[in-house]
Amino acid sequence: MSQEIKLKIKPKFAKEYRAGYPLLSKDAISNLNEVSVEGTVVKLVDERNQFIAKGYYGEQNKGFGWILSQGENETFDQAFFQAKLSEAFKHRIHLFNDVETTAFRVFNGEGDGIGGLTIEYFDGYYLIHWYNKGIYKFKDEIIRSLQAVTEYKAIYQKKRFATDGKYIEQDDFVTGEKGQFPIFVKENGVRFAVYLNEGAMVGVFLDQREVRKVIRDKYAKGKTVLNTFSYTGAFSVFAALGGAKKTTSVDLANRSLSKTIEQFSINGIDYEAQDIIVEDVFRYFKYAVKKNLKFGMVILDPPSFARSKKHTFSAAKDYTNLLKETIAITEDDGVIVASTNSSSFGMSKFKGMIEKAFKEMNGKFKYLEEYSLPSDFKTIKKFPEGNYLKVVFIKKIKG
Ligand code: SAH
C-alpha cells in the first residue's frame with residue numbers, strides 16, 4: 001500500500017474541510033514540508049490529531065491538492081475510481097442517449113468527486129485532462145476504470161500540469177484505435193470538427209452548448225452578428241444556422257481563419273457569405289466605429305486572461321471596457337451576449353461591470369436571460385469557484 005502522510009490543518013481552516021471543501025491550499029497546512037512527492041495520499045488532521053478528510057498532494061495553480069474522501073479508511077484504488085466514474089456516467093445518461101449531441105463532458109473534476117481530473121466524450125473517443133502531477137500518478141487505476149465502465153474507440157489525454165495548467169506538447173494517444181482527425185461530432189444537430197491530437201484546445205468548448213443553442217433557436221434570426229474572440233467560430237455557425245443575416249467572426253489567432261472556414265463548410269454554410277477576420281478585437285472595435293458599423297447582436301466570450309502584442313486583457317480588470325466598446329457598435333434593441341469563464345469573480349460582480357459600462361455610456365439596457373454551466377459540467381455547492389461560467393443576454397434599449 002502506498003504511503004500516507006498526515007497533514008496538520010490550521011484551526012481556522014478545519015471547519016471548511018470538515019464541511020466538504022475539496023481544494024487543499026498551502027495556507028491551510030502547518031507541516032507543509034513533510035510532503036514532497038506529488039500523488040502522495042494525505043490524511044488531514046486537526047490540531048488535536050483528529051481525522052478530517054483524505055486526499056492527494058498535487059500542485060495546481062494556487063492549490064496544493066484535492067480532498068477525495070471523508071472516510072478515514074478509504075483507499076484510492078481502482079474500485080474507488082471506478083465507482084466515481086460509474087456514478088458520473090449515470091449522470092450523463094441523457095446525453096449518451098441523445099443522438100443529436102455526441103460531444104459532452106463525462107467527468108468534471110471535484111464536481112464528480114475527483115479534483116484535477118476531467119474527461120470528455122467525442123463520439124466514441126474519450127479525452128482525459130490531468131491537471132496536476134499528483135492525479136497523474138493514479139493514471140493506471142483511472143484509465144482501467146474508464147475501460148471498465150464504457151466501450152470506446154480510443155482514449156487520448158492532455159497533461160496540463162506544466163506551470164499554470166499549461167499543456168505539455170506530446171503525442172496524446174493512450175490506447176485503442178488511433179483516430180483520423182478531424183473526427184466529426186454533433187451538438188444539437190450541428191457538426192464540429194474535432195482534433196484530439198493537436199495541442200490543448202480541440203476545436204470546441206463544450207461548456208457553451210446551451211448558449212449556442214439558444215442563440216440559434218431564439219436570437220439569431222435576421223440579425224447581423226459580431227462574434228468576438230471567435231476561435232473556431234462555433235457561435236457564428238449556430239447564429240448562421242439560426243438565420244442570421246450575416247456573421248462576422250473576429251479572432252487574433254491565424255489558425256482561426258481556416259478553422260472557422262472548416263466549421264461553416266461542414267455545416268453546409270457558404271463561408272464566403274460570412275466575414276472572418278484575423279485581428280485584435282480592440283482594433284476591430286476602432287475600425288467598426290470609424291466605419292459606423294452597427295450590429296444586431298454582439299457575442300463577447302474572451303479568455304479570462306490573454307496577452308497580445310499590444311496589450312494584456314484580464315476579464316476581472318477589463319471587461320467593463322470591453323462592454324463599453326461593444327455598446328458603441330450595438331444597434332438599439334440589439335442583443336449583447338456577455339460571457340466570462342473567469343473564476344476570480346461571481347455573477348453579482350459581473351453584473352456590476354455590465355451596469356457600470358452602460359452607465360458610463362449613458363445607455364439603457366434590460367437583462368434578458370442568464371446561463372451558467374450545463375449539467376454535464378457538474379459542480380458542487382461547496383466549491384463555488386468551480387461554477388465559473390457566467391453568460392448574460394442583454395438588450396440594449398434606446399435611451
Ligand atoms: N468564444 C470562443 C472561445 C474563445 S477562446 C468559442 O466559443 O469557441 C479565446 C480566443 O480568444 C482564442 O481563440 C484567442 O486567439 C482569442 N483572443 C485572445 N485575445 C484576443 C484579442 N485581443 N483579440 C482577438 N482575439 C483574441
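Can you confirm whether VAL391 is open to solvent by less than 70 Å² (accessible area, probe 1.4 Å), closer than 29 Å to PRO22 by Cα, of a type outside the set (Asp, Glu) and part of a strand (DSSP E or B)? Answer is yes for this residue. Test GLY134 against the criterion of being of a type outside the set (A, V, I, L, M) and either assigned to a loop (DSSP other than H, G, I, E, B) or under 16 Å from ALA83 (Cβ atoms) (or both), and give yes or no. Answer is no for this residue. Here the condition is being out of contact with any strand residue (DSSP E or B) (no Cβ under 7 Å at 6 or more places or on another chain), without any contact (Cβ under 8 Å) to a residue 12 or more places away in the chain and more than 10 Å from the ligand (Cβ to nearest atom); of LYS349, LYS324, it holds for LYS349 alone.
Just checking, does the stretch 355-362 include any residue being part of a helix (DSSP H, G or I), open to solvent by less than 40 Å² (accessible area, probe 1.4 Å) and either in the same structural domain as SER230 (by TED's automatic domain parsing) or without any contact (Cβ under 8 Å) to a residue 40 or more places away in the chain (or both)? The answer is yes, given that some residue of the stretch 355-362 is part of a helix (DSSP H, G or I), open to solvent by less than 40 Å² (accessible area, probe 1.4 Å) and either in the same structural domain as SER230 (by TED's automatic domain parsing) or without any contact (Cβ under 8 Å) to a residue 40 or more places away in the chain (or both). The one condition from (1) buried (at least 24 other Cβ atoms within 10 Å of the Cβ); (2) free of Cβ contacts under 8 Å to residues at least 60 places away in the same chain; (3) under 23 Å from the mean Cα position of the chain (by Cα) that THR247 does not meet is (3).
One residue is enough: does the stretch 368-388 have a residue meeting the conditions closer than 22 Å to THR326 by Cα and β-branched (Val, Ile, Thr)? Scanning the stretch 368-388 turns up no residue that is closer than 22 Å to THR326 by Cα and β-branched (Val, Ile, Thr). Set side by side, the residues ALA288, ALA273 differ, and just one is more than 22 Å from PHE205 (Cα to Cα), open to solvent by 20 Å² or more (accessible area, probe 1.4 Å) and either more than 9 Å from the ligand (Cβ to nearest atom) or touching a helix residue (DSSP H, G or I) at 6+ places or on another chain (Cβ under 7 Å) (or both), which is ALA273. Just to be sure before I move on: is LEU257 within 9 Å of the ligand (Cβ to nearest atom) and touching a strand residue (DSSP E or B) at 6+ places or on another chain (Cβ under 7 Å) in the structure I sent? Taking the combined requirement at face value, the residue does not satisfy it. Restricting SER258, SER304 to residues that are open to solvent by 60 Å² or more (accessible area, probe 1.4 Å) and either among the aliphatic types (A, V, I, L, M) or on the phi < 0 side of the Ramachandran plot (or both) narrows the list to SER258. Filtering HIS129, HIS91 for residues that are closer than 30 Å to GLY189 by Cα, touching a strand residue (DSSP E or B) at 6+ places or on another chain (Cβ under 9 Å) and open to solvent by 40 Å² or more (accessible area, probe 1.4 Å) leaves a single hit, HIS91. When the residues of the stretch 32-67 are filtered to those that are surrounded by fewer than 19 Cβ atoms within 10 Å (Cβ to Cβ) and of a type in the set (Asp, Glu), the one that is nearest to GLY109 (Cα to Cα) is GLU59.
Does the stretch 220-240 contain any residue that is open to solvent by less than 40 Å² (accessible area, probe 1.4 Å), assigned to a strand (DSSP E or B), within 10 Å of the ligand (Cβ to nearest atom) and within 24 Å of SER372 (Cα to Cα)? Looking through the stretch 220-240, at least one residue is open to solvent by less than 40 Å² (accessible area, probe 1.4 Å), assigned to a strand (DSSP E or B), within 10 Å of the ligand (Cβ to nearest atom) and within 24 Å of SER372 (Cα to Cα).
The residue that is farthest from ILE135 (Cα to Cα), counting only those in the stretch 25-47 that are of a type in the set (A, V, I, L, M) and assigned to a helix (DSSP H, G or I), is ALA28.
The values are calculated or read from the model by the stated rules, or taken from the named source; none is laboratory data. None of the values given here were measured: they were computed from a predicted structure. We place every Cβ from the backbone using ideal geometry, glycine too, and count neighbours over all the protein chains shown. SASA here: full protein model, heavy atoms, side chains in, ligands and nucleic acids out. Shrake-Rupley method; radii C 1.70, N 1.55, O 1.52, S 1.80 Å.
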